[in-house]
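A short reminder: the numbers here are calculations on the coordinates, not readings from a lab. Given the structure is predicted, the values throughout are model-derived calculations rather than measurements. Here the Cβ is made from the backbone with ideal geometry for all residues, glycine too, and neighbour counts use every protein chain on show.
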Amino acid sequence: MEQYILVPFPEVQDYMEEDWFEEEAVLDVHDGAGAGSSSYFIPASRIDKDYIIENVKELCRAYKPTQEQLDHYKSERESAIPYEEGIMIKEAIVMINQEITS
């Protein structure tokens, strides 16, 4: 199953001239994600990976972790004990946020 990424205007203009755009892009008619009019869902396979990385960084910068999450992150980092169950998405965002802002 193809995954899609919501690309807002004006960034979506970079994709509008591509041969595949009319056939593969889907207009966000509901503006459910608050991206504004003229936003399109673009197949993830067509998105430049740098665009995705920059958007993830922006989302992480915008995320405001609680003091409890920051304390937990700090204690996990100092303990050097491997985290066996994997990592929850909120913990990953806190970690990325700390690395970006420090």
| note | Sorted by chain and then number, the residues having a modelled amide H within less than 5 Å of the amide H of Y4, at least 5 places away or on another chain, are A44
| note | Listed by chain and number, the residues whose amide H is under 5 Å from that of S39, excluding neighbours fewer than 5 places away on the same chain and using placed H, are F9, D28
| message | Give me the one-decimal nm value for the distance between modelled label points at R61 and W20, 7 Å along each residue's Cα-to-Cβ direction. | response | 2.9 nm
| request: Note the direction-averaged projected area, equal to a quarter of the hull surface, for the Cα convex hull of the stretch 1-47, in nm². | output: 3.2 nm²
